[in-house]
Amino acid sequence: NAGVMQNPRHLVRRRGQEARLRCSPMKGHSHVYWYRQLPEEGLKFMVYLQKENIIDESGMPKERFSAEFPKEGPSILRIQQVVRGDSAAYFCASSLTGESGQPQHFGDGTRLSIL
Amino acid sequence: EDQVTQSPEALRLQEGESSSLNCSYTVSGLRGLFWYRQDPGKGPEFLFTLYSAGEEKEKERLKATLTKKESFLHITAPKPEDSATYLCAVHNAGNNRKLIWGLGTSLAVNP
(Lines give C-alpha, C1' and ligand atoms only; values in the text may rest on other atoms or scores of the structure.)
Protein backbone atom coordinates (compact mmCIF):
# COMPACT_ATOMS: atom_id res chain seq x y z
CA ASN A 1 0.00 0.00 0.00
CA ALA A 2 1.67 3.18 -1.18
CA GLY A 3 -0.83 5.51 0.48
CA VAL A 4 -0.52 7.58 3.64
CA MET A 5 -0.58 5.26 6.65
CA GLN A 6 -1.77 6.36 10.05
CA ASN A 7 -1.82 4.39 13.26
CA PRO A 8 -3.49 3.64 15.45
CA ARG A 9 -6.88 4.00 13.79
CA HIS A 10 -8.56 4.37 17.16
CA LEU A 11 -6.96 5.51 20.41
CA VAL A 12 -8.60 5.78 23.82
CA ARG A 13 -6.91 7.70 26.59
CA ARG A 14 -7.89 8.88 30.05
CA ARG A 15 -7.59 12.53 30.99
CA GLY A 16 -3.99 13.39 31.83
CA GLN A 17 -2.42 10.64 29.74
CA GLU A 18 -0.32 11.11 26.63
CA ALA A 19 -1.43 10.35 23.07
CA ARG A 20 1.04 9.59 20.27
CA LEU A 21 -0.27 9.51 16.71
CA ARG A 22 1.89 8.20 13.88
CA CYS A 23 1.93 8.97 10.17
CA SER A 24 3.95 7.47 7.35
CA PRO A 25 3.68 9.60 4.19
CA MET A 26 3.22 8.29 0.68
CA LYS A 27 6.37 6.83 -0.83
CA GLY A 28 8.56 9.62 -2.16
CA HIS A 29 6.75 12.37 -0.22
CA SER A 30 8.75 14.40 2.26
CA HIS A 31 6.12 17.01 3.20
CA VAL A 32 3.66 16.15 5.96
CA TYR A 33 0.63 18.03 7.29
CA TRP A 34 -1.56 17.36 10.31
CA TYR A 35 -5.23 18.36 10.50
CA ARG A 36 -7.91 17.96 13.14
CA GLN A 37 -11.55 17.32 12.25
CA LEU A 38 -14.50 17.94 14.52
CA PRO A 39 -18.06 17.17 13.34
CA GLU A 40 -19.39 20.73 13.25
CA GLU A 41 -16.13 22.52 12.51
CA GLY A 42 -14.60 20.78 9.54
CA LEU A 43 -10.92 20.23 8.97
CA LYS A 44 -8.48 22.59 10.66
CA PHE A 45 -4.78 22.84 9.87
CA MET A 46 -2.41 22.15 12.73
CA VAL A 47 1.18 21.82 11.50
CA TYR A 48 3.33 21.40 8.38
CA LEU A 49 6.64 19.56 8.54
CA GLN A 50 9.45 18.52 6.26
CA LYS A 51 12.06 16.00 7.25
CA GLU A 52 13.59 17.17 10.56
CA ASN A 53 11.97 20.62 10.29
CA ILE A 54 8.75 22.25 11.42
CA ILE A 55 7.80 24.71 8.69
CA ASP A 56 4.46 26.06 9.97
CA GLU A 57 2.91 25.29 13.35
CA SER A 58 0.48 28.19 13.37
CA GLY A 59 -2.55 25.95 13.87
CA MET A 60 -1.19 23.91 16.73
CA PRO A 61 -1.91 24.86 20.35
CA LYS A 62 1.23 26.17 22.05
CA GLU A 63 0.79 23.95 25.09
CA ARG A 64 0.61 20.15 25.29
CA PHE A 65 0.88 19.61 21.51
CA SER A 66 4.07 18.85 19.61
CA ALA A 67 5.00 17.33 16.27
CA GLU A 68 8.10 15.88 14.71
CA PHE A 69 9.18 14.29 11.45
CA PRO A 70 12.56 12.66 12.02
CA LYS A 71 15.07 11.73 9.36
CA GLU A 72 14.10 8.11 9.78
CA GLY A 73 10.64 6.87 10.70
CA PRO A 74 7.13 8.28 10.73
CA SER A 75 5.89 11.71 11.69
CA ILE A 76 4.56 11.85 15.24
CA LEU A 77 1.86 14.11 16.67
CA ARG A 78 2.11 14.09 20.44
CA ILE A 79 -0.53 15.35 22.84
CA GLN A 80 0.46 15.50 26.48
CA GLN A 81 -1.95 15.57 29.44
CA VAL A 82 -4.96 15.04 27.22
CA VAL A 83 -8.30 16.68 28.05
CA ARG A 84 -11.84 15.88 26.87
CA GLY A 85 -11.66 18.64 24.28
CA ASP A 86 -8.85 16.81 22.47
CA SER A 87 -11.34 14.16 21.32
CA ALA A 88 -11.40 14.39 17.53
CA ALA A 89 -10.26 12.73 14.33
CA TYR A 90 -6.67 13.60 13.48
CA PHE A 91 -5.65 13.33 9.84
CA CYS A 92 -2.22 13.33 8.30
CA ALA A 93 -1.56 14.29 4.69
CA SER A 94 1.53 14.30 2.52
CA SER A 95 2.59 15.96 -0.70
CA LEU A 96 5.38 15.42 -3.18
CA THR A 97 6.62 18.98 -2.96
CA GLY A 98 5.85 21.90 -0.69
CA GLU A 99 4.76 24.13 -3.56
CA SER A 100 1.50 25.97 -3.13
CA GLY A 101 -1.13 24.34 -5.30
CA GLN A 102 0.19 20.81 -4.83
CA PRO A 103 -2.55 18.37 -3.81
CA GLN A 104 -2.25 16.78 -0.39
CA HIS A 105 -3.06 13.08 0.01
CA PHE A 106 -4.65 11.92 3.23
CA GLY A 107 -4.55 8.91 5.48
CA ASP A 108 -7.67 7.47 7.11
CA GLY A 109 -7.01 9.24 10.38
CA THR A 110 -6.73 8.42 14.07
CA ARG A 111 -9.91 8.75 16.11
CA LEU A 112 -8.90 9.91 19.56
CA SER A 113 -11.36 9.46 22.41
CA ILE A 114 -10.70 10.86 25.87
CA LEU A 115 -12.49 9.22 28.79
CA GLU B 1 -9.87 36.64 6.20
CA ASP B 2 -9.71 33.69 3.81
CA GLN B 3 -12.95 31.74 3.79
CA VAL B 4 -14.57 28.82 2.01
CA THR B 5 -18.34 28.26 2.04
CA GLN B 6 -20.05 25.20 0.60
CA SER B 7 -23.70 24.76 -0.26
CA PRO B 8 -25.98 23.04 0.19
CA GLU B 9 -25.02 21.40 3.48
CA ALA B 10 -26.87 18.26 2.47
CA LEU B 11 -28.35 17.01 -0.78
CA ARG B 12 -30.46 13.98 -1.50
CA LEU B 13 -30.79 12.82 -5.12
CA GLN B 14 -32.45 9.96 -6.92
CA GLU B 15 -30.14 7.76 -8.96
CA GLY B 16 -29.69 9.41 -12.36
CA GLU B 17 -30.75 12.87 -11.14
CA SER B 18 -27.95 15.29 -12.03
CA SER B 19 -27.08 18.24 -9.79
CA SER B 20 -24.32 20.65 -8.76
CA LEU B 21 -22.52 21.43 -5.53
CA ASN B 22 -21.20 24.92 -4.87
CA CYS B 23 -17.99 26.16 -3.26
CA SER B 24 -17.66 29.92 -2.79
CA TYR B 25 -14.30 31.27 -1.72
CA THR B 26 -12.73 34.49 -0.53
CA VAL B 27 -8.95 34.19 -0.60
CA SER B 28 -5.98 36.48 -0.98
CA GLY B 29 -4.51 35.17 -4.22
CA LEU B 30 -5.78 31.74 -5.18
CA ARG B 31 -3.01 29.21 -5.79
CA GLY B 32 -5.27 26.20 -6.09
CA LEU B 33 -8.80 25.00 -5.36
CA PHE B 34 -9.17 21.36 -4.41
CA TRP B 35 -12.12 18.98 -4.37
CA TYR B 36 -12.06 15.93 -2.13
CA ARG B 37 -14.50 13.15 -1.38
CA GLN B 38 -14.79 11.77 2.16
CA ASP B 39 -16.56 8.55 3.09
CA PRO B 40 -17.57 7.84 6.72
CA GLY B 41 -14.62 6.74 8.81
CA LYS B 42 -12.13 7.52 6.04
CA GLY B 43 -9.78 10.33 5.13
CA PRO B 44 -10.44 12.83 2.33
CA GLU B 45 -9.77 11.36 -1.10
CA PHE B 46 -8.30 13.78 -3.64
CA LEU B 47 -10.45 14.39 -6.73
CA PHE B 48 -9.38 17.56 -8.58
CA THR B 49 -7.19 20.64 -8.49
CA LEU B 50 -8.25 23.83 -10.32
CA TYR B 51 -5.85 26.73 -10.68
CA SER B 52 -7.45 29.49 -12.72
CA ALA B 53 -10.86 30.83 -13.71
CA GLY B 54 -12.32 28.99 -16.68
CA GLU B 55 -10.53 25.75 -15.93
CA GLU B 56 -12.51 22.49 -15.96
CA LYS B 57 -11.60 18.95 -14.88
CA GLU B 58 -13.58 15.73 -15.36
CA LYS B 59 -13.50 12.28 -13.85
CA GLU B 60 -16.21 9.75 -14.60
CA ARG B 61 -19.53 11.34 -13.53
CA LEU B 62 -17.87 14.36 -11.89
CA LYS B 63 -16.93 17.66 -13.48
CA ALA B 64 -15.38 20.56 -11.60
CA THR B 65 -15.39 24.14 -12.85
CA LEU B 66 -13.88 27.35 -11.50
CA THR B 67 -14.71 31.06 -11.68
CA LYS B 68 -13.08 33.98 -9.84
CA LYS B 69 -15.46 33.59 -6.92
CA GLU B 70 -16.68 30.00 -6.86
CA SER B 71 -16.33 26.45 -8.02
CA PHE B 72 -19.00 23.95 -8.97
CA LEU B 73 -18.86 20.19 -8.78
CA HIS B 74 -21.34 18.84 -11.29
CA ILE B 75 -22.55 15.27 -10.81
CA THR B 76 -24.09 13.73 -13.90
CA ALA B 77 -26.44 10.76 -13.56
CA PRO B 78 -25.21 9.89 -10.04
CA LYS B 79 -25.18 6.37 -8.66
CA PRO B 80 -25.59 5.27 -5.02
CA GLU B 81 -21.82 4.76 -4.77
CA ASP B 82 -21.39 8.51 -5.29
CA SER B 83 -22.91 9.05 -1.84
CA ALA B 84 -20.28 10.77 0.32
CA THR B 85 -19.32 14.15 1.74
CA TYR B 86 -17.68 16.38 -0.86
CA LEU B 87 -15.14 18.85 0.52
CA CYS B 88 -13.68 21.95 -1.07
CA ALA B 89 -10.38 23.53 0.04
CA VAL B 90 -8.09 26.34 -1.14
CA HIS B 91 -4.45 27.34 -1.03
CA ASN B 92 -3.78 31.07 -0.85
CA ALA B 93 -0.80 33.11 -2.00
CA GLY B 94 0.81 33.29 1.41
CA ASN B 95 3.94 31.46 2.43
CA ASN B 96 1.99 28.82 4.31
CA ARG B 97 0.94 25.52 2.82
CA LYS B 98 -2.18 24.90 4.85
CA LEU B 99 -5.44 24.09 3.16
CA ILE B 100 -8.46 26.20 4.13
CA TRP B 101 -11.56 24.02 4.13
CA GLY B 102 -15.29 24.33 3.67
CA LEU B 103 -17.62 22.29 5.84
CA GLY B 104 -18.65 20.04 2.97
CA THR B 105 -21.81 18.90 1.22
CA SER B 106 -23.22 15.57 2.36
CA LEU B 107 -24.60 13.83 -0.74
CA ALA B 108 -26.97 10.87 -0.58
CA VAL B 109 -28.01 9.14 -3.81
CA ASN B 110 -31.02 6.87 -3.51
CA PRO B 111 -31.35 3.83 -5.79
Find how many whole Å separate the alpha carbon centroid of segment A:77-109 from the alpha carbon centroid of segment A:1-74.
4
Compute the distance in nm between two label points, each set 7 Å from the Cα along the Cα-to-Cβ direction, one at A:THR97 and one at B:SER28.
2.4
5 angstrom amide H check on B:GLY32, placed H, neighbours 5+ away
B:HIS91
Chain pair B, A: total accessible area buried, heavy atoms, 1.4 Å probe, Å²:
1700
Evaluate E = 1/(1 + (r/R0)^6) for B:LYS69 and B:GLU17, where r is the Cβ-Cβ distance and R0 equals 30 Å; express this FRET efficiency to the nearest 0.05.
0.70
Take the solvent-accessible surface of the protein heavy atoms, probe 1.4 Å, and return the percent of it on chain A that carbon and sulfur atoms account for.
45
Can you give me the relative contact order of chain A as a percent, contacts being Cα pairs under 8 Å and 6 or more apart?
37
Stick to Cα atoms and the Kirkwood definition of Rh, then tell me Rg/Rh for segment B:1-88.
0.95
Lysine pair count for chain B [Cα-Cα under 25 Å; pairs on different chains or 8 or more apart]:
16
Per-residue mean of C-beta atoms belonging to partner chains within 10 Å, peptide A:11-23
0
Go through segment A:18-33 residue by residue and turn each phi into a ³J(HN,Hα) via Karplus (6.51, -1.76, 1.60, θ = phi - 60°); whole Hz please, and just put x for glycine and proline.
9, 10, 10, 10, 10, 9, 9, x, 4, 4, x, 8, 10, 10, 10, 10
Distance in nm between label sites at A:GLN81 and A:LEU38, each 7 Å beyond Cα in the beta-carbon direction?
2.0
How large is ³J(HN,Hα), in whole Hz, for each residue of segment B:64-76 in order, when computed from phi with the Karplus curve 6.51 cos²θ - 1.76 cosθ + 1.60 and θ = phi - 60°, using x for Gly and Pro?
10, 10, 9, 10, 6, 10, 7, 10, 10, 10, 8, 10, 9
Pick from A:PHE91, A:PHE45, A:PHE69 the residue whose mean-square fluctuation is largest in a GNM of chain A, springs joining Cα atoms under 10 Å.
A:PHE45
Across A:102-112, the residue-averaged tally of Cβ atoms belonging to other chains within 10 Å stands at 5
For chain B, give the magnitude of the charge dipole about the Cα centre (Cβ charges: +1 Lys/Arg, -1 Asp/Glu; no others), in debye to the nearest 20.
280
Please turn the phi angles of segment B:18-27 into ³J(HN,Hα) values with the Karplus equation 6.51 cos²θ - 1.76 cosθ + 1.60 (θ = phi - 60°), one per residue in order, whole Hz, x for glycine and proline.
6, 7, 9, 10, 10, 9, 9, 9, 10, 8
Length-normalised contact order of chain B in % [C-alpha pairs under 8 Å, at least 6 apart]
37
Mean-square fluctuation check for chain B, GNM, Cα pairs under 10 Å: which of B:LYS79, B:LYS57, B:LYS98 is largest?
B:LYS98
So if we plug the beta-carbon distance of A:SER30 and B:THR5 into 1/(1 + (r/R0)^6) with R0 = 30 Å, what FRET efficiency do we get, rounded to 0.05?
0.35
Mind grabbing the accessible area of A:PHE65 for me, 1.4 Å probe, Å², rounded to tens?
20
Between A:VAL12 and A:SER58, the FRET efficiency computed from the C-beta separation at R0 = 22 Å comes out, to the nearest 0.05, as 0.15
Residue-averaged beta-carbon neighbours from other chains (10 angstrom radius) around A:50-61:
1
Hey, can you find the accessible area per residue of segment A:1-56 for me, probe 1.4 Å, expressed in square angstrom?
58
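The values are calculated or read from the model by the stated rules, or taken from the named source; none is laboratory data. Since this is a predicted model, take the numbers as computed values, not measurements. Note that each Cβ is placed from the backbone with ideal geometry, even for glycine, and that neighbours are counted across all protein chains shown. Side chains are part of the model used for accessible areas, which takes the heavy atoms of the whole protein and leaves out ligands, DNA and RNA. Shrake-Rupley method; radii C 1.70, N 1.55, O 1.52, S 1.80 Å.
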